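K.L.:
Sharing a structure below in structure tokens format, with a few things to ask.
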Amino acid sequence: MNFLGKIFTWWNGATLGTLFWSWRNGEQVGSDAQGNRYFRSKPKKGQRERRWVIYEGANDASRVPAEWHGWLHGAFDDVPESNLPPSRIWEADYTPNATGTVTAYRPAGALERGGQRARAAGDYEAWTPDA
């Protein structure tokens, strides 16, 4: 199944076509703590440099750290590993985007939490005629 998955699915990492294209037309410049690999196009006269990422696991753009995001979008030319400042004690580790999963935030009143919420000052009260 893994081989067929590499042929037909793009959401579980890169397809065989992407891996082959990256091998032929790009050079790996680094990787991050999550195993994502970062590439840039091999220099060709008259063409601008292209940059891309091959995710380790599910393709989720929120898995790209801020420093690599800046490099992917051309904010700076050097790879982040060469000029990263030391991490701060208050910086939090990466947490995956939980939208659409069981662990997603569900506020009071959401259908998944029973659909009941506490009354609020601005709640609508239907008009009923005096009988």
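K.L.:
Against the conditions (1) surrounded by 15 or more Cβ atoms within 10 Å (Cβ to Cβ); (2) in contact with a Gly (Cβ under 8 Å, 6 or more places away or on another chain); (3) in a helix (DSSP H, G or I), where does W71 fall short? Just the number, please.
P.N.:
Result: W71 fails condition (2) only.
K.L.:
If you go through region 43-66 one residue at a time, do you hit one that is surrounded by 14 or more Cβ atoms within 10 Å (Cβ to Cβ), among the acidic types (D, E), touching a helix residue (DSSP H, G or I) at 6+ places or on another chain (Cβ under 9 Å) and modelled with pLDDT of 80 or more?
P.N.:
Scanning region 43-66 turns up at least one residue that is surrounded by 14 or more Cβ atoms within 10 Å (Cβ to Cβ), among the acidic types (D, E), touching a helix residue (DSSP H, G or I) at 6+ places or on another chain (Cβ under 9 Å) and modelled with pLDDT of 80 or more.
K.L.:
Filter region 12-65 down to the residues that are in a loop (DSSP other than H, G, I, E, B) and either aliphatic (A, V, I, L, M) or on the phi > 0 side of the Ramachandran plot (or both) and list them by number.
P.N.:
In the first step, residues of region 12-65 are kept if they are in a loop (DSSP other than H, G, I, E, B); the result is 12-15, 32-36, 42-50, 55-60, 64-65.
Within region 12-65, G13, A14, A33, G35, G46, G57, A58, V64 meet the criteria.
K.L.:
Please go through region 89-109 and pick out each residue that is at pLDDT below 85 and on the phi < 0 side of the Ramachandran plot.
P.N.:
Across region 89-109, the qualifying residues are E91, A92, D93, Y94, T95, P96, N97, A108.
K.L.:
Starting from region 51-66, take each residue that is closer than 21 Å to T101 by Cβ and list its partners that are basic (K, R) and outside any loop (DSSP other than H, G, I, E, B), counting only C-beta distances under 7 angstrom and pairs at least six apart or across chains.
P.N.:
Going by the 7 Å Cβ cut-off, the qualifying pairs are Y55/R63.
The values are calculated or read from the model by the stated rules, or taken from the named source; none is laboratory data. Fair warning: this is a prediction, and the values are worked out from it, not measured in the lab. No Cβ is skipped: glycine too gets one built from the backbone with ideal geometry, and neighbour counts run over all protein chains shown.
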